[in-house]
Amino acid sequence: MPTKTAPPGPQSGTSPKKVFLTDVLTLRARARRNLDDGAVASTYGGDPKKTIEILQSVLATELVCVLRYTQHSITAAGISSQAVRAEFAEHAKEEHEHALSVAERISQLGGTPNFNPEGLASRSASQFSDGTDLVDMIKENLIAERIAVEHYQELIRYFGDDDPTTRHMLTGILAVEEEHADDMHDLLVAHEGHGML
């Protein structure tokens, strides 16, 4: 009669097989517990309160960007301003979409998004600036985009695997912010040194 042999163990230089995910019955039981937590499952690796606090700052940053781009899309003047105004308006729309995504995530985590204009500037990573002329407006928006890019890169690393949903949302926003920075840089190269256009 043949003897049973144990399956070979991990060999030197190879990684052990990953254990399969939680069984269905355990998943079902977990889902029934703590229903008041909404989208925050027991496997959530982050601190929901800290995440909400961080996202309130992200929301404020996006709202300040909406206001700044909107202001610039209306007040930019000069011979070459029409295309730039359209670019500012498009960016304002996209920043508004970011703000709504962030607000929705805050709500999913059990928080209330802070849209209160009081203290908005102090909660934001970026600043609001009227801009003295078209080139100055472009520079201010490029600076704000560079701040957002660096800030969101740090946050993406911070959330890591503890909160993949927030990380994924911020990764999508980051891609658009990088695109905005590139657009502002191209506009700056096209208009730099021309003063009031």
Picked from region 66-103 (must be of a type in the set (S, T, N, Q) and not in a loop (DSSP other than H, G, I, E, B)), the residue modelled with the lowest pLDDT is S81
Residues satisfying the stated conditions in region 161-181, i.e. open to solvent by 60 Å² or more (accessible area, probe 1.4 Å), charged (D, E, K, R) and either at pLDDT 95 or above or touching a Pro at 6+ places or on another chain (Cβ under 7 Å) (or both): R167, E178, E179
Since M169 meets every condition but one in (1) under 12 Å from the mean Cα position of the chain (by Cα); (2) more than 19 Å from K49 (Cα to Cα); (3) of a type outside the set (D, E, K, R), which condition does it not meet? (2)
So L187 clears everything in (1) modelled with pLDDT of 95 or more; (2) surrounded by 20 or more Cβ atoms within 10 Å (Cβ to Cβ); (3) more than 12 Å from the chain's Cα centre (by Cα) except one condition, right? Which one? (1)
Within region 121-133, the residues that are in a helix (DSSP H, G or I) and within 17 Å of the chain's Cα centre (by Cα) are R123
Subset of region 118-160 that is open to solvent by less than 70 Å² (accessible area, probe 1.4 Å) and aromatic (F, W, Y) - its residue that is modelled with the highest pLDDT: Y152
Looking at I106, I138, which is the one that is part of a helix (DSSP H, G or I) and over 15 Å from I52 (Cα atoms)? I138
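The values are calculated or read from the model by the stated rules, or taken from the named source; none is laboratory data. All values reported here derive from a predicted model rather than from experimental measurement. When we count neighbours, we look across all protein chains shown, and the Cβ atoms used for this are built from the backbone with ideal geometry, even at glycine. Ligands, DNA and RNA are stripped out before the accessible areas are found, and what is left, the full protein with its side chains, is counted by its heavy atoms. Shrake-Rupley method; radii C 1.70, N 1.55, O 1.52, S 1.80 Å.
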